[in-house]
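First up is the structure itself, then whatever we jot down about it.
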Ligand SMILES: [Zn+2]
């Protein structure tokens, strides 16, 4: 879908890959806090809880032609979160939310190693100034708030931390493991390292189809593995992406409806 023939524009560019991080960069605004400026991690939470029918109205109305790759990435993030975030919440007690997502990322990477190859930085060169403009138009359309500069600041911190966590050989993970004990760190530092091929010791992918309750609440009536959920997200994306590319806001709002990123 994202491949291009020679000379044709492609969606698979740095702006698209930054878009795939969705509104998550806002969560990183506090790492580290900016002196005398309020950290806007709340925007990450707010955007995750807006239903698709409202969110994509904003996504399309704020979108100029140059914003299409980023908005397409945002849509991919929405589809995966809508399908799989309830499962991450269901099991986060065992290991922590972000650490769980790191294991899942690395396991999906392992399953698709042939196509994906080494971990590398796909967001390098994204047009942060233009994307910041887009995100502030989007946030204003959704909440009425003016947030110029906030996305750019958050995305820089997000990218810096992710590049620091990039650990293809597992050296940082081993070092962090050695420090955790003596430093008495409550949260596992090593769990944040993106190490290719790390083991899925506690079947976080749920290959055994054990039952689980969405968000860890109510009846344990789900048995999907993470890869099942990943594929459900892909199916939604296959339907939704052509609508975004056509600028069919109505179709996109109807399709995504009450779903959200949670
Ligand atoms: Zn998210």
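Values in this text are rule-based calculations from the coordinates and carry no lab data. The structure presented is a predicted model; accordingly, all values stated were derived computationally and were not measured. Note that we place each Cβ from the backbone using ideal geometry, even for glycine, and neighbour counts take in every protein chain shown.
Between helix 128-143 and the chain there is an angle of about 80 degrees, using the helix long axis and the longest principal axis of the Cα atoms. When 94, 148, 101 are arranged by Cβ crowding within 10 Å, least crowded first, meaning fewest neighbours, the order is 94, 148, 101.
Rounded to the nearest 500, the helix-only mean residue ellipticity at 222 nm of the chain stands at -17000 deg cm²/dmol, with each DSSP H run of n ≥ 4 adding -39,500 (n - 2.57). Multiplying the residue separation of residue 178 and residue 34 by 0.36 nm and subtracting their alpha-carbon distance yields 48.8 nm. Legend: calculated FRET efficiency, residue 246 to residue 108, from the Cβ-Cβ distance at R0 = 22 Å, rounded to 0.05, equals 0.15. Using Cα-Cα distances under 8 Å and only pairs 6 or more residues apart, what relative contact order does the chain have, in percent? Taking the mean separation of contacting Cα pairs over the length of the chain, I get 32 percent. Summary of the geometry: the stretch 220-249 and the stretch 106-124, compared by the centres of their Cα atoms, lie 20 Å apart. Residues 177, 137 in ascending order of nearby Cβ atoms (within 10 Å, fewest first): 177, 137.
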